[in-house]
Amino acid sequence: MCGRLSQYRGIHDFVAALSMPGALVNAVGDQPLGRYNAAPTMQLALFHVVGETLHAAPVRWGWRPHWATDRAAPVNARVEKVAHSPFFRQIWPHRAICPIDSWFEWVDEGGPKKQPYLIRHRDGAPILCASIGQLPQSDESRDEHDGFVIITADSAGGMVDIHDRRPVVLAPELAREWLDPATLKERSEQMVLHQGEPTEAFEWFRVSNAVGNVRNNEADLLSKTQ
């Protein structure tokens, strides 16, 4: 996963896809999120649960522990290592869902520049990405070190032609279990290792090279090109 995605629907559209009843603490607002070309370090809408309440909060995409000052904050974490990595030990228990509309990958097709592709659900439904992070417990408890990473897995079964890694995407019922604080760590590890949605759930196609410039943020970036 290269580190570029879209998150443009309203938060209530993502809540509906999650199908999680109960109260919502909404810190991202009711308007469409409008991120057609989101990049690392940007604030993205993230779901997590505090007590029994679902929270939607803007959280920076990217995180590193306070002692890792010699490297940039990663935006992804490999599913094969994340549960037992000293780097992510602090945030592994703090599970979240990053709801997105699509993500982008760049492929070397022999031209002067790599060709960008958009990847989305075949049925157009929101994509619920398993994530972990240092997460705000309330608007008053925000911290400059808050951030999150998306868990990624091998792109087996055909999507490897686009990129060798992709987000671990959970079906709604598994996403709810992932968010539940009562879910055991061992169970959550097995979920992301073995129960992510298969390649067949997605489609991908070429899009404009304009997506390479992060300053471009128009809906046209999602349109299919030849």
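The values are calculated or read from the model by the stated rules, or taken from the named source; none is laboratory data. None of these values were measured; they are calculated from a predicted model. In this analysis, Cβ positions are derived from the backbone assuming ideal geometry, glycine residues included, and neighbour counts consider all displayed protein chains. SASA here: full protein model, heavy atoms, side chains in, ligands and nucleic acids out. Shrake-Rupley method; radii C 1.70, N 1.55, O 1.52, S 1.80 Å.
Assess whether GLY3 counts as being outside any helix (DSSP H, G or I), among the small types (Gly, Ala, Ser) and without any contact (Cβ under 8 Å) to a residue 60 or more places away in the chain.
no
In segment 5-26, which residues are at pLDDT below 95 and either under 16 Å from CYS129 (Cβ atoms) or open to solvent by less than 40 Å² (accessible area, probe 1.4 Å) (or both)?
Once the filter is applied, which keeps residues that are at pLDDT below 95 and either under 16 Å from CYS129 (Cβ atoms) or open to solvent by less than 40 Å² (accessible area, probe 1.4 Å) (or both), segment 5-26 yields only MET20.
Considering segment 98-114 alone, what residues qualify as being surrounded by 17 or more Cβ atoms within 10 Å (Cβ to Cβ) and not β-branched (Val, Ile, Thr)?
CYS98, PRO99, ASP101, SER102, TRP103, PHE104, GLU105, TRP106
Rundown of residues vs (1) open to solvent by less than 60 Å² (accessible area, probe 1.4 Å); (2) of a type in the set (Phe, Trp, Tyr); (3) without any contact (Cβ under 8 Å) to a residue 12 or more places away in the chain; (4) assigned to a loop (DSSP other than H, G, I, E, B), yes/no style:
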site	(1), (2), (3), (4)
ASP30	no, no, no, yes
PHE47	yes, yes, no, no
HIS55	yes, no, no, no
PRO65	yes, no, no, yes
THR69	no, no, yes, yes
PRO93	yes, no, no, yes
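Scan segment 6-28 residue by residue and report those that are outside any strand (DSSP E or B), touching a residue at least 12 places away in the same chain (Cβ under 8 Å) and of a type in the set (A, V, I, L, M, F, W, C).
Matches in segment 6-28: ILE11, PHE14, VAL15, ALA17, LEU18, MET20, ALA23, ALA27, VAL28.
Among the numbered criteria (1) without any contact (Cβ under 8 Å) to a residue 40 or more places away in the chain; (2) surrounded by fewer than 16 Cβ atoms within 10 Å (Cβ to Cβ); (3) over 25 Å from ARG187 (Cβ atoms), which single criterion is violated by GLY34?
(1)
Would you pick out the residues in segment 185-202 that are in contact (Cβ under 8 Å) with a residue 40 or more places away in the chain and over 16 Å from ARG95 (Cβ atoms)?
PRO198, THR199, GLU200, ALA201, PHE202
Just the residues that are among the acidic types (Asp, Glu) and at pLDDT below 85, please, taken from segment 158-176.
Scanning segment 158-176 gives ASP161, ASP164.
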